Each structure stands twice: as structure tokens, then as C-alpha cells.
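Asker: Would you mind keeping the following structure in view while I ask a few things?
The values are calculated or read from the model by the stated rules, or taken from the named source; none is laboratory data. Small disclaimer: the values here were computed from a predicted structure and weren't measured. Glycine also receives a Cβ, built like all others from the backbone with ideal geometry; neighbour counts cover every protein chain displayed. All accessible areas refer to the heavy atoms of the entire protein, side chains included, with ligands and DNA or RNA removed. Shrake-Rupley method; radii C 1.70, N 1.55, O 1.52, S 1.80 Å.
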Amino acid sequence: MDELLDILKELKPDVDFETEKSLIDNAILDSFDIVQLVTQLKDTFDIDITPADLIPENFNSAEALWAMIQKLQ
């Protein structure tokens, strides 16, 4: 989880990812951010994120992202 938080903080340093629960719903992450994030997650965690995984529920919070990573590993 710490590695994920580091990736997120590098992407958007001004966001508190430990408490934010609406990254997609509040447009904190845009489509360009998601593309960058997916690439970094694939490389860092050696996972394959498919189009079926690209749903707002998987990207709305660090916890949701972490759950998706664990499911895909």
C-alpha cells in the first residue's frame, strides 16, 4: 500500500490520498491521470489491468485501487 501511495502522491502531490474517497467522482483524477496510473501500476505490481477493470469504483480511492491490485496479483 505504501508503494501505491507513493505512486499516487507523485501523480498528484496536492491530494490527500489516505482520506480522499471520490477521486473519480470529484474529477480529481482525469483520463490522462488514469492512463499514467495504469501504466505505473502494471510496471510496479506486475499486473494486467484490462478494460473491464477500468471502472470508477476501482479508482475512487487508494483503498479501492489497492483492492484491485491485490485481486489482480
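Asker: Listed residues Ile7, Ile24, Ile34; which is out of contact with any Ser or Thr (no Cβ under 6 Å at 6 or more places or on another chain), outside any helix (DSSP H, G or I) and open to solvent by less than 70 Å² (accessible area, probe 1.4 Å)?
Answerer: Going through Ile7, Ile24, Ile34 in turn, the sole match is Ile24.
Asker: Then there's this: Just the residues that are in a helix (DSSP H, G or I) and closer than 10 Å to Gln73 by Cα, please, taken from the range 43-55.
Answerer: Residue satisfying the conditions is Phe45 alone.
Asker: Count, please, the residues in the range 49-69 that happen to be of a type outside the set (Val, Ile, Thr) and touching a residue at least 60 places away in the same chain (Cβ under 8 Å).
Answerer: Within the range 49-69, residues that are of a type outside the set (Val, Ile, Thr) and touching a residue at least 60 places away in the same chain (Cβ under 8 Å) number 3.
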